[in-house]
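*Asks:* I'd like to ask you about the structure that follows.
The values are calculated or read from the model by the stated rules, or taken from the named source; none is laboratory data. Just so you know, these numbers come straight off a predicted model, no measurement behind them. Methodologically, a virtual Cβ is constructed for each residue, glycine included, from the backbone with ideal geometry; neighbour enumeration extends over all protein chains shown. In case anyone asks, the SASA skips ligands and DNA or RNA and just uses the protein heavy atoms, side chains included. Shrake-Rupley method; radii C 1.70, N 1.55, O 1.52, S 1.80 Å.
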Amino acid sequence: MLILRPGTDVPTLQRTGVDTLSAMSYGQPPNGPQGYGQQPGGGQYQPPQPMTPEDQRLWATLTHIGGIFFSFVAPLVAYFVLRDRGQFVREHTRVALNFYITMAIADAIGAITSWLGIGVLIILAVRVVTIVFGIIAAVAANQGRHYRYPLAIEFVKQ
């Protein structure tokens, strides 16, 4: 701590009970950072914990609804993130991914053939089928039932 003594122009350093260096490093232990961001127990891989049946139903429902709004992207992310968390959610994300990939292909075909006029009808049919079957699948997932989309090509196998 710096103290200015009366009659002098030079401050003198006086040792107090508080170490100025450690007082400025807020939130760190006195011996410095320990392990910088590592968990106790090292860096061992922890397998994902299985979800409860209620959580599996919730995520399966959200996967089907997400496909309506985000095409195959939502089921793709859900499949890669949740496939090891339970058989029910794995099956629903897999079937949703297959269906929404099929619908994306049909949508692309409609866009390519739209200059013929029939493409606009294909795009409208794809959108209606996607919404209707996505809602039916979401309701089935929420009730705990398995659902198979009609018109889906099976790209991702069991």
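*Asks:* On the first, second and third principal axes, largest extent first, how far apart are the outermost C-alpha atoms of segment 87-156 in Å?
*Replies:* Computed over the Cα atoms, the extents are 43, 22, 12 Å.
*Asks:* Let me ask something additional. Using a cut-off of 15 Å between beta-carbons, work out the net charge of the residues near Thr93 (Lys and Arg +1, Asp and Glu -1, Thr93 not included).
*Replies:* +3
*Asks:* Residue separation times 0.36 nm, minus the C-alpha to C-alpha distance between Ile131 and Ile105: what's the value? Show your work: numbers first, answer last.
*Replies:* Details: separation 26, 0.36 × 26 = 9.36 nm, distance 1.59 nm.
Contour length minus Cα-Cα distance gives 7.8 nm.
*Asks:* When all alpha-carbon pairs of segment 42-158 are counted, what percent fall beyond 25 Å?
*Replies:* Numbers: 1804 of 6786 pairs.
Cα-Cα pairs in segment 42-158 separated by more than 25 Å: 27 percent.
*Asks:* At a 1.4 Å probe, what is the % contribution of carbon and sulfur to the accessible area of segment 47-158? Intermediate values should be presented prior to the final figure.
*Replies:* On the way: 4520 of 6400 Å².
Reported share for carbon and sulfur atoms: 71 percent.
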